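Novice: Below you'll find the structure I mean.
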Amino acid sequence: MDKTDHNILFHKMFHIEGGNFTSAGLISDQVKKILKEAGIPKKVIRRASIATFEAEMNVICYATQGDLSLFITPLFLKIVVDDEGHGIPDIHLAMSEGYSTADEKIREWGFGAGMGLPNIRRNTDEMVLTSTFRQGTHLEFVIYLERQETQLPFE
Ligand SMILES: Nc1ncnc2c1ncn2[C@@H]1O[C@H](COP(=O)(O)OP(=O)(O)OP(=O)(O)O)[C@@H](O)[C@H]1O
Ligand SMILES: [Mg+2]
């Protein structure tokens, strides 16, 4: 978390089990609850919940297991997800709307529209996705908290 390390107000890590569709959404629900209790603005919670749900689902759908960390700082929320799995061979392709490698089982659960990663990008202010093919995937995103009105001099 580089230079903002000392400003972390809250940190929690959640474990995600790959293939466990019956627990789909449980972690993003917990994150939402924490953000509500922390008094984070509703608009920010909404964006964070969408992005966290998509990130959680991608680990359930495509990885063996993963860890999702939530960081709250005075300026932003940050979610970091590291998983072990087959990874993503072509990040650019994976990021394009409608691209999906979801199999029948995933589609039966209602996922596989190829909209998860584009949805994460749309709902976050910064997003980094990297992957080592056949090893795993690293995703992190940041959502800035609403800025305070700044008082300009001479106004
Ligand atoms: N953590 C991951 N590990 C391996 N592959 C992934 C991971 N996340 C995404 N992918 C790959 O990127 C593709 C696109 O992901 P994206 O979330 O955009 O769509 P989807 O999961 O297929 O469908 P949707 O999210 O709309 O249910 C996936 O089909 C999969 O091939
Ligand atoms: Mg997805």
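Here, each number is a calculation from the coordinates, and none is a lab measurement. Given the structure is predicted, the values throughout are model-derived calculations rather than measurements. Note that each Cβ is placed from the backbone with ideal geometry, even for glycine, and that neighbours are counted across all protein chains shown.
Novice: Rounded to the nearest 500, what is the chain's calculated 222 nm mean residue ellipticity when only DSSP H runs of at least 4 contribute -39500 (n - 2.57) each, over all residues?
Specialist: Computed ellipticity for the chain at 222 nm equals -9500 deg cm²/dmol.
Novice: Put a dot 7 Å past each Cα toward the Cβ at Glu108 and Asn7; how far apart are the dots in nm?
Specialist: With each label point 7 Å from Cα toward Cβ, the separation is 4.8 nm.
Novice: Taking square-rooted eigenvalues a ≥ b ≥ c of the alpha carbon gyration tensor, is the range 7-144 rounded, prolate or oblate, where a/c under 1.5 means rounded and, failing that, a/b exceeding b/c means prolate?
Specialist: prolate
Novice: Let me ask something additional. Counting other Cβ atoms within 10 Å, keep those with at most 15, restrict to DSSP loop, and tell me which trypsin sites (Lys or Arg not before Pro) in the range 47-155 are left.
Specialist: Sparse-neighbourhood loop trypsin sites (Lys or Arg not before Pro): Arg134, Arg147.
Novice: Now a separate question. Would you kindly derive the ³J(HN,Hα) couplings of the range 135-141 from the backbone phi angles with the Karplus curve 6.51 cos²θ - 1.76 cosθ + 1.60 (θ = phi - 60°), listing them in order in whole Hz, with x for Gly and Pro?
Specialist: Coupling constants for the range 135-141: 10, x, 9, 10, 10, 9, 9 Hz.
Novice: Quick one: which of Lys33/Lys105; Lys12/Lys105; Lys12/Lys32; Lys32/Lys105 span more than 21 angstrom between C-alpha atoms?
Specialist: Lys33/Lys105; Lys12/Lys105; Lys32/Lys105
Novice: Same structure again: Through the Karplus equation 6.51 cos²θ - 1.76 cosθ + 1.60, θ set to phi - 60°, convert the phi angles of the range 116-126 into ³J(HN,Hα) values in whole Hz; use x for Gly and Pro.
Specialist: Calculated HN-Hα couplings, in order: x, 5, x, 5, 5, 4, 5, 9, 10, 8, 9 Hz.
Novice: Additional query: Averaging sequence separations of C-alpha pairs under 8 Å and six or more residues apart, then dividing by the length of the chain, give the relative contact order as a whole percent.
Specialist: Computed value for the chain: 26 percent relative contact order.
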